[in-house]
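Structure first, commentary second.
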Amino acid sequence: MRRFELLLPQSVDECVRTLAQQGPETKLLAGGTDLLPQLKNGLLKPARVIDLSGVAQLRAIESANGQGLRIGSAVTARTLELDRTVQGRYLSLAESGALVGSVQVRNLATLGGNLCNAAPSADMAPPLLALDAEAIIVGPKGERRVPVATFFTGVRKTVLAPDELLVELALPATGPNSGGNYLRHTPRRELDIAVVGVASQLTLANGVCAKARIALAAVAPVPLRATGAERALEGQRVTPELIARAADLALEVARPISDQRGSADFRRHLVRVLTRRTLTTALARASA
Amino acid sequence: MSSVMKTTRDVKGIGLSIVRPDAPDKVTGVVQYVADLSPRGLLHAKLLRSPYAHARILKIDVSKARALPGVRAVLTAADIPELKKKAPTRAHAVLAIDRVVFAGQPVAAVAADEPAIAEEALDLIDVQYEVLAVSADPLEAMKPGAPPVADAGTEADTSEAQAHGSVAGVATEAKPAKAVNISQQARLQRGDVAKALAESDVVIEKTYRVPMVHQGYLEPHAVLAQWDTAGNLTLWSSTQGSFNTRSEVADVLEISENRIKVIPMECGGGFGGKIRALCEPITAILARVTARPVRYVMTRREELEAGMPAPQVIIRLKTGVKRDGTLMAIEGEAILESGAFSGAVLAVSGVFLASLYRWPNFDVKGFEVLTHKPSIAAYRAPVAPQTIFAIDSHMEQIARAIGADPVEFRLRHLQREGDKMANGQPWLNNGAVEVLTRIAEHPLWMKRAEWKASSKGGKLRGTGLSLGGWLGGLQPTGATVRLNPDGTLQVLTGQVDIAGTNIALAQIAATAYGVDIDKVKITTGDTDVAPMTGLSAGSKTTYTVGVAVMQAAQNARNQTLEIAAKELEASVHDLEIDGGKVVVRGVPNKGITLAQIGKKGNLYMSKVEPVLGISHPAFSVQAPAFCAQLAKIEIDPDTGELTLHDFVVVQDVGKAINPLAIEGQMQGGAVQSLGMALTEALMYDDKARLTNPSLLDYRKLTSADVPKIETIIVEKPAPHGPFGARGVGEPPIVPAPAAIANAVEDATGVRLTELPLSPERIALAIANGK
């Protein structure tokens, strides 16, 4: 690891001011589970690192107006995995938190870090897409809100400007007849990266699918929604046949590559399998 | 050479399960490894490594790096007079001279006050390369006209084969003139294979592939080097054999061996990867140039990119049998991809393929092929797991094809003691039949049909087993046993304890001398003080060093009894050692304590010689050791995910000296083997660059992937082992890949022939109906 200057702001404002003063060659450190391996292997050589551990606001989980939920960007995967509210209303997000790394990694890894690292395989992205979450970003000009669906712009790229900080994720209310599920495939049970990840969220009204969301990870440069499959489900009674058709349609948006984690063929195969399985589970949970 | 010790004495040391006394210090971080050493004035070394697998070095500019404050030395090949082209081994290729032959090959070396400064210096070194065409695939590399790896005229390196001493008598053939990358070639032949295949009822031909895999020791390669002003070098090294390290470093540095002291540190795992010198020479040179102690610790990324992994092995087999199960012929080729430097052991593969079973006709060829990848080294039973994956998978398929019981079919054709191996030597006493018979009696094997029939919820269940083993290594070795003035024993060897062998040696010394084990201390000496001791490798530490310790203890016992006989005015034959005393049999109150004898050997003006038992044996008889393993699995056919429900290891250990440590070896070997079977592979792109250089994507199994591993010890005494013991380290890594592949076929009907048996391979094979 090369030498760098370490900065320790104590508030969001101070962090944003620091970012504005320091300019490029500055990296933000939350849990460090993505950043530190990159520093150690010389893949990143920043001149400065801003440690966010002193900014308490980033670690809060708050119910907004008794409806939706606001989750601080430095909330850990382990907290998401175990938080009762997240488990109750946003189960797919809790499930994704529970799959990251190992327990030791989850005690450090953060929601914001997972998103800002912007790996195509980020586990927490598909549930947020499926839950219509928004990213709350603070910069020198104040706050702005961006749907998580448009937060990612490429492999390891996001809409964040160099002087901006991802502060919170805002999740809208899900309603009583809504259910979700996140599944991913990895060759190893723990300490692995998704070959494909799929989150599904179904909301039912009068036995019919009122709203469907399907989001895919690791099949394109950015996490993305399978909107064609969603449209096929909405307004319909959800049957195993319809789920199978939706799983086929989900493939239309997938543009997977072959790499050390899996071939494009296997990824396409998995999109079908995992879309079918997450929709089946989401339906059962929405109907319960 | 010794035979099994026959004794009427109490043998309570042998067979006791003893917890490793060093475990608490290791778990709590008290033990010092090389990376923990920081003598005054310590400098940190870093190596600049080539990003290309094959390139010409046009120019290296180190001026900016040398100017960085805190940098004490920056070296390239031009600064090292000992360097020569046509390096005979990887150790001799300290830094690339004018051509790099694998991605990750060191090109320049830095020593600096801090690791971060050394890394920043690497960033400041400017190397201009001319990128050359690569040989990235062994099958392509074998063809005439492939980009050459070694410099013309470089000799094959067969020292690994000698170090393991496992198979002799395999004739090597001259290599074809145009195939520049074939560095070794061998052939084993008997009978008329073509005729026998033509007369066969069932002919099966398959090609099996096992990728390069890494040994995966916890502690990376590490060394600390320091010179004194008289020109003597001390190396603190994480090594499996300090005398071997000394010889290799002396050869590279062109200095005499007695000017080098190798201090073997605690070794955080080796598995064959820490036999050959790797980073010792460059660290020693940096220490010489700077006249400071220099430490080099490889990173995990460097280990994966530029360590010394196991070769990729590609084995094609074609077999013919009669419908009644009569074996007719086997024909095959084993291609071992050795990376950029020669060093593979060809003979093991050939002998197992041609003569583990009774093939009346065989023709098996072996090729060592060089490619532009890091050169290979031994990995726990080198090439045996890969070979057994091929031959045992094949035997299982033959049994299925003719409707034979897979265990009965193997037992019927298994070579027995005295049968000739393919190299003409006889099979020695071994427990192959016993372990296979024992595992076939296991309830999980007996109930395999019920397990398969119980498949539900879309999952598929199956059971598989396999038999494999290791021929056993030999190497001369030495030990001394001293009687201390307080009556305790001091055992000195040069063996590095990488597997809990120190306890076994203490048990052997205690039993052979006649004291309790808590009276014995084992010391691993450095190369200045220890008797010459062989490598901790080849499943031969207990088998050979154990004999030396046993004989040295017997020698010390005899000296002790002779002294006692004089003191007690009794015949040696009437004496025995009991409860820390030498007593006259039948006369309980006539005796002398071991402490009294020990004191007399260390008393001013005493005429009693101090007790010093010595043994330095050489060996000629190996002890093959076999292991059978069983896997009970469940597969999700949609995702290809394989769940291991149960895994059983049955192993012939000859005599279990410390059963607890042996069970640990059996389980540890199984876990490594399961990783090779299920998840591990060093993956290279078409430019021969590693695409998974971290433990995230080079997937060792975790405890979440592995079930409880049941261990069953079988004891068929080895005629020449200490107390009948045979080697236990290597056999348990051998059978698992074939056992898993056999279980996968049982569950799914799909036969997979390429490792790892990843979910992707399983799912796509099922989806494609293979």
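Nothing in this text is a laboratory measurement; each read-out follows from the coordinates by a stated rule. As the structure is a prediction and not an experimental result, all values here were calculated from the model. Note that each Cβ is placed from the backbone with ideal geometry, even for glycine, and that neighbours are counted across all protein chains shown.
Of note:
- Each eigenvalue of the Cα gyration tensor of region A:5-54, multiplied by 5 and square-rooted, gives one semi-axis; in descending order these are 19, 13, 7 Å.
- Using θ = phi - 60° in the Karplus curve 6.51 cos²θ - 1.76 cosθ + 1.60, the 3J(HN,Hα) couplings for region A:67-78 round to 10, x, 9, 10, 10, x, 5, 9, 5, 7, 4, 5 Hz; x is entered for Gly and Pro.
- Computed over region A:56-171, relative contact order equals 26 percent, with contacts defined as Cα pairs under 8 Å that lie 6+ residues apart.
- Lysines with Cα under 24 Å of residue B:420, excluding same-chain neighbours fewer than 8 positions away: B:195, B:318, B:322, B:365, B:540, B:716
- Cβ-Cβ FRET estimate between residue A:156 and residue B:155, R0 fixed at 56 Å, reported to 0.05: 0.75
- Likely footprinting exposure, B:560, A:174, fewest C-beta neighbours within 10 Å first: A:174, B:560
- Aspartates and glutamates whose Cα lies under 17 Å from that of residue B:261, excluding same-chain neighbours fewer than 8 positions away: B:228, B:248, B:251, B:280, B:526, B:528
- A simple count of charges around residue B:667, restricted to other residues whose Cβ falls under 11 Å of its Cβ and scoring Lys, Arg +1 and Asp, Glu -1, yields -1.
- Taking a point 7 Å from the Cα of residue B:578 along the Cα-to-Cβ direction, the residues of region B:536-562 with backbone N closer than 19 Å to it are B:557-558, B:560-562.
- Cα-based equivalent ellipsoid, region A:158-208: semi-axes from gyration tensor eigenvalues, Å: 28, 24, 9
- Per residue convex hull volume, Cα atoms of region A:178-287, in Å³: 86
- At full extension, residue B:562 and residue B:255 could sit 106.1 nm farther apart than now, given 0.36 nm per residue minus the alpha carbon distance.
- Under 28 Å of direct C-alpha separation, and excluding same-chain neighbours fewer than eight residues apart, residue B:456 reaches these lysines: B:447, B:632, B:708, B:770.
- Take every pair of alpha-carbon atoms less than 8 Å apart whose residues are at least six positions apart; their mean separation over the length of chain B yields a relative contact order of 16 percent.
- Average 1/r across all pairs of distinct alpha carbons in chain A, invert it, and you get the Kirkwood radius: 19.2 Å.
- Test item: Cα-centred dipole of chain B, Lys/Arg +1 and Asp/Glu -1 on Cβ, debye: 740
- Over the residues of chain B, the helix contribution to mean residue ellipticity at 222 nm works out to -7500 deg cm²/dmol, using -39500 (n - 2.57) for each DSSP H run of at least 4.
- Taking every Cα-Cα distance in chain B and sorting them into 20 Å bins from zero, the calculated P(r) comes out as 16, 46, 31, 7, 0 percent.
- Kirkwood Rh and Cα Rg combined as Rg/Rh, the protein assembly as shown: 1.00
- Likely footprinting exposure, B:295, B:66, fewest C-beta neighbours within 10 Å first: B:66, B:295
- Residue-wise HN-Hα coupling along region B:525-542, computed from phi with Karplus coefficients 6.51, -1.76, 1.60 (Hz; x: Gly, Pro): x, 7, 6, 7, 10, 7, x, 3, 10, x, 5, 8, 6, x, 6, 10, 5, 5
- FRET efficiency, 1/(1 + (r/R0)^6) with R0 60 Å, evaluated for residue B:456 and residue B:614 via beta carbons: 0.35
- Derived scalar couplings between HN and Hα for region B:726-732 equal 10, x, 10, x, 8, x, x Hz in order, rounded to whole Hz, by the Karplus curve 6.51 cos²θ - 1.76 cosθ + 1.60 (θ = phi - 60°), x for Gly and Pro.
- Cα gyration tensor shape for region B:697-770, rounded if a/c is under 1.5, else prolate or oblate: prolate
- P(r) tail for region B:247-402: Cα pairs beyond 22 Å make up 55% of the total.
- For residue B:343, the residues whose modelled amide H falls within less than 5 Å of its own, excluding neighbours fewer than 5 places apart on the same chain, are B:157.
- Additional length obtainable on full extension of the chain from residue A:40 to residue A:82, 0.36 nm per residue less Cα span: 12.1 nm
- Of all DSSP-defined beta bridges confined to chain B, some 75% are antiparallel rather than parallel.
- Per-residue mean of C-beta atoms belonging to partner chains within 10 Å, peptide B:701-708: 3
- Note on B:630-641: average number of Cβ atoms from other chains within 10 Å of each residue's Cβ is 3.
- Note on the protein assembly as shown: with charges restricted to the Cβ of Lys and Arg (+1) and Asp and Glu (-1), its dipole about the Cα centre is near 760 debye.
- For chain A, the membrane-span-like helix rule (DSSP H, alpha carbon extent of at least 27 Å along the helix axis, mean Kyte-Doolittle at least -0.5) picks out A:264-287; this says nothing about an actual membrane.
- If R0 is 41 Å, the Cβ-Cβ spacing of residue B:206 and residue B:99 corresponds to a FRET efficiency of close to 0.60.
- Taking each residue as 0.36 nm, the span from residue A:244 to residue A:62 lengthens on full extension beyond its C-alpha to C-alpha distance by 61.8 nm.
- Sorting B:541, A:280 from the fewest to the most surrounding beta carbons within 10 angstrom yields A:280, B:541.
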